[in-house]
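Written below as structure tokens is the structure these notes are about.
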Amino acid sequence: IHVFIYSVSLEQGSVTSLIEEKGTVKGIQYKTKDGQEFMAYAPLTIVCDGGFSNLRRSLSNPKVDVPSCFVGLILENCELPHANHGHVIIADPSPILFYPISSTEIRCLVDVPGQKVPSVSNGEMAHYLKTMVAPQIPPQLYTAFITAVNKGNIRTMTNRSMPAAPQPTPGALLLGDAFNMRHPLTGGGMTVALSDIVLLRDLLRPLHNLHDASALCRYLESFYTLRKPVASTINTLAGALYKVFSASADKAREEMREACFDYLSLGGAFSEGPISLLSGLNPHPISLVLHFFAVAIYGVGRLLLPFPSPTRIWTGARLISGASGIIFPIIRAEGVRQMFFPATVPAYYRAPPVD
């Protein structure tokens, strides 16, 4: 029988900076609610201060993109078209999300492309929601939606995307949205974060001494490679689906959008496959690529049948080209080698340092 006794101290405060000595992170400096400043030291500091992290620049080379903003509302005392399910409304100019958060409340997230949204304070947002968004939502939710807008409890949040770009630093490690973000359309952020935590736990489990910062840092470089199959699959799918589901004046893009919806509507493997990718149950990037281009080929097939006119052939060619233009830049940002061939990366085979 093994008995383990751990001593854990919980301290609450706002971290203001990392404590570094000769390129090694030794701990953190933080401020409590009453304004007092303290320092805390540890052999390994895990930084997970969220999407608006002010510490990530010390540990990575972040390239943050803001593709859109979410406008949030709480709808009360109404029923979703399909009870107890999340809903994605493929609207113009971009998707709208609905999902239950209690027995009487439904959260609505309206995606607004770009980095700026209409002003809430001067009424522009309420006007936009009533005139542009309300006509596109399901009839069952219309009255509750208008009521929520009239109440004025409207929240906005920027959506951020940021590929993982670590700079391995002795004594510290990044996790969560501070390290890697994707468009929240698919809700994959927590899946990636929890997967990373499990992986990090397994890597740290055989260690009994964390005080050799350089050796530990070299060993934990494997974390960045081992996490790629799950993280890159969810990241790529989130970015690709957002672009596909957003409205476009391009006929080929609209065909891709409709093909994606109809492909998922086929059921069976055509819906189970993408869902298993979204949920992290199928962490195989090649499956993602196969499904994505299966959607594109399905769309081309719909265009060419029953009579493949020159216009339809040209639109089909542009559909394939557009699909490639959506997914390949995302894959390139994630890292082709780490994503598809992680076993060829030397860090994949790092062994725990000897005590």
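In the condition set (1) free of Cβ contacts under 8 Å to residues at least 12 places away in the same chain; (2) touching a helix residue (DSSP H, G or I) at 6+ places or on another chain (Cβ under 6 Å); (3) β-branched (V, I, T), V8 is compliant with all but (2). Taking the listed residues R312, R332, R318, the one that is open to solvent by 40 Å² or more (accessible area, probe 1.4 Å), among the charged types (D, E, K, R) and closer than 30 Å to L216 by Cα is R332, with no other qualifying. Working only within the range 13-45, note down all residues that are over 31 Å from the mean Cα position of the chain (by Cα), of a type in the set (D, E) and part of a strand (DSSP E or B). Hits for the range 13-45 are E21, E37. Within the range 149-165, identify whether any single residue is out of contact with any strand residue (DSSP E or B) (no Cβ under 9 Å at 6 or more places or on another chain), over 30 Å from L18 (Cβ atoms), exposed (fewer than 13 other Cβ atoms within 10 Å of the Cβ) and of a type outside the set (S, T, N, Q), and answer yes or no. Taking every residue of the range 149-165 in turn, at least one turns out to be out of contact with any strand residue (DSSP E or B) (no Cβ under 9 Å at 6 or more places or on another chain), over 30 Å from L18 (Cβ atoms), exposed (fewer than 13 other Cβ atoms within 10 Å of the Cβ) and of a type outside the set (S, T, N, Q).
Taken over the range 199-213, the criterion of being free of Cβ contacts under 8 Å to residues at least 60 places away in the same chain and open to solvent by 60 Å² or more (accessible area, probe 1.4 Å) is satisfied by R201, D202, R205. Given the condition surrounded by fewer than 16 Cβ atoms within 10 Å (Cβ to Cβ), of a type in the set (K, R) and not in a loop (DSSP other than H, G, I, E, B), answer yes or no: does some residue in the range 227-238 qualify? There is no residue in the range 227-238 that is surrounded by fewer than 16 Cβ atoms within 10 Å (Cβ to Cβ), of a type in the set (K, R) and not in a loop (DSSP other than H, G, I, E, B). Check whether at least one residue in the range 122-132 is closer than 15 Å to G72 by Cα, assigned to a helix (DSSP H, G or I), touching an Asp or Glu at 6+ places or on another chain (Cβ under 7 Å) and at pLDDT 95 or above, and report yes or no. No, every residue in the range 122-132 fails to be closer than 15 Å to G72 by Cα, assigned to a helix (DSSP H, G or I), touching an Asp or Glu at 6+ places or on another chain (Cβ under 7 Å) and at pLDDT 95 or above. Can you confirm whether the range 200-213 contains a residue that is assigned to a helix (DSSP H, G or I) and in contact with a Cys (Cβ under 8 Å, 6 or more places away or on another chain)? Among the residues of the range 200-213, not one is assigned to a helix (DSSP H, G or I) and in contact with a Cys (Cβ under 8 Å, 6 or more places away or on another chain), which makes the answer no. The strands (runs of 3 or more DSSP E) falling completely within the range 57-117 that include 2 or more residues that are open to solvent by less than 70 Å² (accessible area, probe 1.4 Å) and touching a Lys or Arg at 6+ places or on another chain (Cβ under 9 Å) map to 65-76, 96-100.
Among the residues of the range 245-265, the one identified as open to solvent by 50 Å² or more (accessible area, probe 1.4 Å) and in contact with a Pro (Cβ under 8 Å, 6 or more places away or on another chain) is L264. Evaluation of P113 against the conditions (1) under 25 Å from L237 (Cβ atoms); (2) in contact with a helix residue (DSSP H, G or I) (Cβ under 7 Å, 6 or more places away or on another chain); (3) in contact (Cβ under 8 Å) with a residue 60 or more places away in the chain; (4) assigned by the TED database to the domain that holds I74 shows that the sole unmet condition is (2).
Criterion applied to S17, S103 was being outside the structural domain of L174 (by the TED database), without any contact (Cβ under 8 Å) to a residue 40 or more places away in the chain, of a type in the set (G, A, S) and more than 28 Å from H127 (Cα to Cα), and the one residue passing it is S103. Is it the case, given these coordinates, that T143 is open to solvent by 80 Å² or more (accessible area, probe 1.4 Å), outside any loop (DSSP other than H, G, I, E, B) and of a type in the set (V, I, T)? So T143 passes the test.
Look at G280 and say whether it is farther than 28 Å from M162 by Cα and either exposed (fewer than 15 other Cβ atoms within 10 Å of the Cβ) or out of contact with any Phe, Trp or Tyr (no Cβ under 6 Å at 6 or more places or on another chain) (or both).
Details: farther than 28 Å from M162 by Cα: no; either exposed (fewer than 15 other Cβ atoms within 10 Å of the Cβ) or out of contact with any Phe, Trp or Tyr (no Cβ under 6 Å at 6 or more places or on another chain) (or both): yes.
In short, no.
The values are calculated or read from the model by the stated rules, or taken from the named source; none is laboratory data. For clarity, every value in this text was computed on a predicted model and none was experimentally measured. Backbone-built Cβ (ideal geometry, glycine too); neighbour counts: all protein chains shown. Ligands, DNA and RNA are excluded from the accessible area calculation, which covers all protein heavy atoms including side chains. Shrake-Rupley method; radii C 1.70, N 1.55, O 1.52, S 1.80 Å.
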